[in-house]
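Here is the structure we will look at, set down as structure tokens.
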Amino acid sequence: MNERDSEAVASLLRARGYALVEDEAQADIVLLNTCSVRDLAEQKAMGKAAHLNKRKRRNPRFIVGILGCMAQNRGADLLDRLPDLDLVVGTQKFHRVPDHLDNLVASLRGQGPRPATLIDLDAEAGSQNEIRGHVSTESEPQVSAYISIMQGCNMHCTFCIVPKTRGEERSRPLDDIVREAEELVAHGTREITLLGQIVTSYGRREFPMVGGKTPFVQLLERLHALPQLHRLRFTSPHPGGFKADLIAAHRDLPKLGEYAHLPLQSGSDRILRAMNRPYTRDSYRRLIDQLRAAQPKIWLSTDIIVGFPGETDEDFAATRDLFREIGFEMAYLFKYSTRTGTPAAEMPDQVPAEIAEARHRELMAILEKRSLARHQELVGTTEEVLAQEPARRPAGRLMGRTRGYRKVFFDAPAHRLGELLPLRITRATVAALEGELV
Ligand code: SAM
């Protein structure tokens, strides 16, 4: 989501006459778009901003800004540690960045003292509709692109800072999203990933059900019908949003591929309740069974948090056993990070870091074993791969994704980018596959 927000800001800035540079060292302005989901992300952004601010000694016109969740979360308090910041812009104000920069640049050209830090953090009605410009439609086509379909979150999981940083759920009109997708596809995009904190909640308060289908599934169907689009993905959903219509979509809409991400967080009912997650290990397991019945070849991914306050050895064992039993091919495994202002931060029995570390390692080992085994099963088979982008290394190779969303590296000329290619899988590692054109 941050990548997408940054891209939308970059697109607005280009339209205003600013140029993107390849190398940060050449930039006159650096804007850091930040994440607050875990403390480490905030600390990294803080360190980076402090380092950048030192450049002002050499270049008094150099501008540094902090955008996004950390700006929203910490606001003017950021200036305690970063007094030299020029700009602090919250998550509902990304589209105001060009105006703010124009003003700053104009004042720095003058002879007066450096202007005070510009802070813009208010809520703004309709801000969800402003994340829509794409740099790719103006220059290089992008095979795989993101579309932000909504902002905010109303779920209030007790560990999570997002409701504070992103505000209430607000969805974009369906027709606007379809128009953005059509434009991208006309410029060569072949895969679209829909983005939202909880995409499955898309439009649930704004738009009606039609034919028993939620607005989110209506949106999927509209986009699925775009002839030149090869793949349609979304992140991230909530298990509670997997109702009959979305499960059927995994059977009926081939462009969804054979892949689903369902954040589990914990396999202990006690911890799920404390997290304010509205499902149980049994209901989650039933959901997985239904998805596998609808789409037997589905590859599954999840999010897990270990070390949530009060998580005992028994709670963790319940998570570990369910994690192993379901056999996820992919997972984002997090150590709980205390977020000031969330209910969990006030809970007793915070888990010591070394215990969380050990639990994390245990899940990681299970995941690696399972991923490798599933990847190895693909060796010798032919997979349909969307050629997505040049591989970083070595030059000349391409990177693509299978229908199950696994990465494949292969040799092919760059003009094949954007095509669905049959690839024979030749090699498997934990993280990726290698293949050759059939
Ligand atoms: N749709 C997702 C869901 O159903 O929860 C929400 C996406 S959330 C922004 C991304 C992931 O970050 C969460 O699923 C959770 O695993 C992790 N996360 C959020 N807050 C966290 C915290 N305080 N400590 C560790 N991980 C956290």
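Odds and ends about this structure:
- Bridgeable aspartates and glutamates around Lys213 (alpha carbons under 14 Å apart, same-chain partners fewer than 8 residues away excluded): Glu221, Asp245, Asp252.
- Among beta bridges identified by DSSP and lying wholly in the chain, the antiparallel ones come to about 40 percent.
- Farthest positive-ward along segment 310-357 dipole, Cα basis, beta-carbon charges - from Thr340, Ile326, Ala356: Thr340
- Projecting the Cα atoms of Leu12, Leu121, Leu87 onto the dipole axis of segment 1-128, where Lys and Arg carry +1 and Asp and Glu carry -1 at the beta carbon, places Leu87 farthest toward the positive end.
- Only the Cβ atoms of Lys and Arg (+1) and of Asp and Glu (-1) were treated as charged; on that basis the dipole of segment 1-113 about its Cα centre amounts to roughly 280 debye.
- Taking all protein chains into account, the per residue accessible area for the chain stands at 46 Å² (1.4 Å probe).
- Violating pairs (Cα-Cα greater than 21 angstrom) within the set Lys243/Lys297; Lys243/Lys369; Lys54/Lys335; Lys297/Lys407; Lys297/Lys335: Lys243/Lys369; Lys54/Lys335; Lys297/Lys335
- Basic side chains Lys and Arg get +1 at the Cβ, acidic Asp and Glu get -1 at the Cβ, and with that the dipole of segment 180-267 about its Cα centre reaches some 220 debye.
- Between the residues His250, Asn276, Leu291, the greatest Cα displacement towards the positive end of the dipole of segment 246-299, with unit charges on the Cβ of Lys, Arg, Asp and Glu, is found for Asn276.
- Distance from the Cα centroid of segment 226-295 to that of segment 339-413 is 18 Å (rounded to whole angstrom).
- Charge context of Arg424, other residues only, Cβ under 13 angstrom, K/R +1, D/E -1: -4
- Heavy-atom accessible surface of the chain: percent carbon and sulfur, 1.4 Å: 51
- All lysines inside 19 Å of Lys48 as judged from Cα atoms, apart from same-chain residues fewer than 8 positions distant: Lys56
- Cα-centred dipole magnitude for the chain, charges only on beta-carbon of K, R (+1) and D, E (-1), debye, nearest 20: 380
The values are calculated or read from the model by the stated rules, or taken from the named source; none is laboratory data. Computed from a predicted structure; not experimentally measured. FYI the Cβ positions are ideal-geometry reconstructions off the backbone, even for glycines, and counts take in every protein chain you see. For the accessible areas, the whole protein counts, side chains as well, though only heavy atoms, and no ligand, DNA or RNA atoms are used. Shrake-Rupley method; radii C 1.70, N 1.55, O 1.52, S 1.80 Å.
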